[in-house]
1. With Leu16, Leu59 as the choices, which residue is closer than 20 Å to Val239 by Cα and open to solvent by 60 Å² or more (accessible area, probe 1.4 Å)?
2. Take the residues in the range 19-57 that are touching a Lys or Arg at 6+ places or on another chain (Cβ under 7 Å) and assigned to a helix (DSSP H, G or I), then tell me which one is nearest to Leu241 (Cα to Cα).
3. Residue check: is Thr126 part of a helix (DSSP H, G or I), more than 25 Å from the chain's Cα centre (by Cα), at pLDDT below 85 and not aliphatic (A, V, I, L, M)?
4. Here's a check for you: in the range 111-123, which residue that is open to solvent by 60 Å² or more (accessible area, probe 1.4 Å) and part of a helix (DSSP H, G or I) is modelled with the highest pLDDT?
5. Would a scan of the range 79-86 turn up a residue that is open to solvent by 80 Å² or more (accessible area, probe 1.4 Å) and not in a helix (DSSP H, G or I)?
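The values are calculated or read from the model by the stated rules, or taken from the named source; none is laboratory data. As the structure is a computational prediction, the values presented were derived from the model and not from experiment. Positions of Cβ are backbone-derived with ideal geometry, glycine not excepted, and every protein chain shown enters the neighbour counts. The protein model used for the area step is the full one, side chains on, heavy atoms only, and it has no ligands, DNA or RNA in it. Shrake-Rupley method; radii C 1.70, N 1.55, O 1.52, S 1.80 Å.
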Amino acid sequence: MSTGSQGVVGGVRIDLNRLHETWMELVYPRQRNANDTVLGTWTPDSSVGLALYRLWSALGVPVIALVYPLVLCGVVLRYQTRRIDGTATRLGVVGVVLLSLVVWGGLAALARLEPGSIDLVSGGFTAVAVAGGVATLSAALAVTFRRVGGRGTTVALAYPFAMTAIFLPPVVAALYSTTVASVVIPASDSLSRWFLYEVLAAVGVAEFFIENFDREGIAYVIIWLGVSIPLGWVLGVLVTLADFVRPTE
């Protein structure tokens, strides 16, 4: 038990030290991973410089206290994304598309032949078919950008398309099925009202959106698209931060 605790504490200590060294290197040279080098860590040779050096070091403490929980969140998310990424890599783009077509095609066939079995009213087949098309295209784009691009492309495009493959199909289905809409539309309304009156109102632009946009039809797709893309960016940034602070082999 104590060994495990020491391992966790030791890992946290390494993380915090690496973050602090990175903070110091924003202003001063030769700070990160410099202890074991020939020259060692750079330090000022004047009393004023040393005082400023220590002040900058102290200012980094609250910054690291705010950032480190994000690092831990990124480590947890990285484990899940690596599992999904490993499966997608083994399947390839063609495999992901075929798997999505099989799953969504099966649901569409079920909606066509036995609509009552998946609780869809008339229009359920169209709902499932269109939602499946959105999910398949988004998943294929996510895998493609993950494979052909570097870290920047992965964060900017692959993660948002992956989130779109998760969030958008139910909303698209809601446009064609009153049963799905009865669940999705109220949640979309609550989200849009919060964003309108809490976020946009705070920056003084809520009135413009109230006068020029209606929350109906395709607007719900735009709302959730506006959720999935930033959420993908946040997820990608957190995983990148975890890779930076706690790199894996």
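1. Exactly one of Leu16, Leu59 is closer than 20 Å to Val239 by Cα and open to solvent by 60 Å² or more (accessible area, probe 1.4 Å), namely Leu16.
2. So, considering only residues that are touching a Lys or Arg at 6+ places or on another chain (Cβ under 7 Å) and assigned to a helix (DSSP H, G or I), the one nearest to Leu241 (Cα to Cα) is Thr22.
3. So Thr126 passes the test.
4. So the residue we want is Arg112.
5. Checked the range 79-86: no residue is open to solvent by 80 Å² or more (accessible area, probe 1.4 Å) and not in a helix (DSSP H, G or I).
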